[in-house]
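None of the figures in this text is laboratory data; all of them are computed from the coordinates on show. Since this is a predicted model, take the numbers as computed values, not measurements. Every residue, glycine as well, gets a Cβ built from its backbone with ideal geometry; the counts of neighbours run over all protein chains shown.
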Amino acid sequence: MSIEAIELHRVEVPLVRPFETSFGRETVREALLVRVRTDAGDGWAECVAGRDPFYSSEYVDGAASVIERYFAPALLGRALPAAADPSRVGVPLASSVAPALSFVAGHRMAKAALEAAVLDAELRAQGRSMGEAFGAVREWVDCGVSVGIADSVDELLDEVAGYVEQGYRRIKLKIKPGWDLVPVGAVRELLGPRGLLQVDANTAYTAADIPLLASFDALDLLLIEQPFAEEDLATHVLLAEASETPVCLDESILDTRTAVDALDRGACSIVNIKPGRMGGYLEALRVHDACVALDAPVWCGGMLETGIGRAANVALAALPGFSLPGDTSASSRYYAEDLTEPFELGDGEHRGRLRVPTGPGTGVTVREELVREWATHAAVTLR
Ligand code: OSB
Ligand code: MG
């Protein structure tokens, strides 16, 4: 199998409501979509980079540029080297993408998008679904919802009550200095003592806030996610020692090595797995396996993906180590219309769950007319 062309499609998809975090407020999702054309069929993927380099140093313009200038020439018109460390998935072409791109430092989200598109094409050619290829052990995955910073506690409670009514199995609240104990306490009251609740600070705090963050212990949270800077494992260790609430890392976990290091050093006891942040699904599987070996729970994060990225995330979340509900919410939590058939929560025993797609590759179909309608730039074809 060989890669014949790489297409870049840039779209803007309106969010049903603004999403505010400690690093900013988004009203649309600007996404970079990648289609690879191979001699055995096409594959699609979504790059998780945001419009601005606020969550991480990567952003959409940078991802598109590094793909055009460096990655596409390294993948097109040449036989890729066989991977030294072929993954357990049985995808020789997709496994050779990361080694072929490793000459560029960083840019993991751009690398991940290319690998995921090749993976989709290769699995479609093999007639295998992502869930089957990854080693899914569940047909449905438990879903949580990530709730942005609101204008008032009353508005937050209304939004959370709506999600509870829809069946979501856990609530994650975005926090920042000045929007923490009061709103989180109010949501704890609303959910009652048994409701699963966690918080995500997206690096907004410093070591001086450790006493405040330790006082979250009274709210019985599942975890506190990434309170301090990406590079700052040491302060996370201090918080983990000072509080009962498990510390979870998101931004700091770049690959298997950093995940194992963070767990070994006691900087976290739970890992948020986002394949885009780790350079791809194949590395995310290695992180999963390493965390399972260390008895550390993992859960699947999200980056406001459209159905294209969501399909692959849901397949990943069906692996055995994903013992906590993920930020894999239904399409309707983000978009009135999705770029694929919508992901919808189940009912009965599957209330608050999404079904793992079973068709080949991602198992979803890209609505190409919407990709054209929502395009912000002319599509680019690299050969
Ligand atoms: O920190 O998990 C995060 C969205 C964009 C960037 C970073 C994060 C998030 C979310 C939303 O929390 C998760 C989702 O619902 O996709
Ligand atoms: Mg996070």
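A few notes on this one:
- Rounded, prolate or oblate (a/c below 1.5 giving rounded, otherwise prolate when a/b exceeds b/c) for region 102-250 by Cα gyration tensor: oblate
- Euclidean distance of C-alpha centroids, region 178-229 and region 338-383, integer Å: 33
- Relative contact order %, region 132-355, counting alpha carbon pairs below 8 Å whose residues are six or more apart: 22
- Proximal aspartates and glutamates to K172, defined as alpha-carbon separation beneath 15 angstrom and excluding residues fewer than eight positions away on the same chain: E20, D142, D158, E159, D180, E189, D200, D220, E225, D250, D327
- Euclidean distance between Cα centres, region 236-302 to region 58-92, Å: 24
- Annotation: the antiparallel percentage among DSSP beta bridges lying fully within the chain is about 55.
- Of the cross-linked pairs K174/K274; K111/K274; K111/K174, those separated by over 22 Å at the C-alpha level are K111/K174.
- Taken about its Cα centre, the chain carries a charge dipole of about 900 debye when Lys and Arg each add +1 at the Cβ and Asp and Glu each add -1 at the Cβ.
- Fraction of alpha-carbon pairs over 33 Å apart in region 132-355 - percent: 12
- Estimated 222 nm signal from helices in the chain, with DSSP H stretches of n ≥ 4 weighted -39500 (n - 2.57), rounded to 500: -9000 deg cm²/dmol
- Within the shell defined by Cβ-Cβ distances under 10 Å, the residues around A267 carry a net charge of -2, with Lys and Arg each +1 and Asp and Glu each -1.
- Dipole axis of region 132-355 (+1 Lys, Arg; -1 Asp, Glu on Cβ), positive-most option in L173, P246, A218: P246
- The protection proxy used here, the mean number of other Cβ atoms lying within 10 Å of each residue, ranks peptides 113-125, 157-169 as follows, highest first: 113-125, 157-169.
- Sorting the segments 316-324, 211-219, 134-142 by their residues' average number of neighbouring beta-carbon atoms within 10 angstrom, most packed first, yields 316-324, 134-142, 211-219.
- By the count of other C-beta atoms within 10 Å, a proxy for reagent exposure, H350, H107, H236 are ordered fewest to most as H350, H107, H236.
- In this Cβ point-charge picture (+1 for Lys and Arg, -1 for Asp and Glu), region 166-270 has a dipole of about 520 debye about its Cα centre.
- Coarse-grained scattering of the chain at q = 0.09, 0.12, 0.14 Å⁻¹, given as base-10 log I(q)/I(0) from a Debye sum over alpha-carbon atoms: -0.48, -0.87, -1.20
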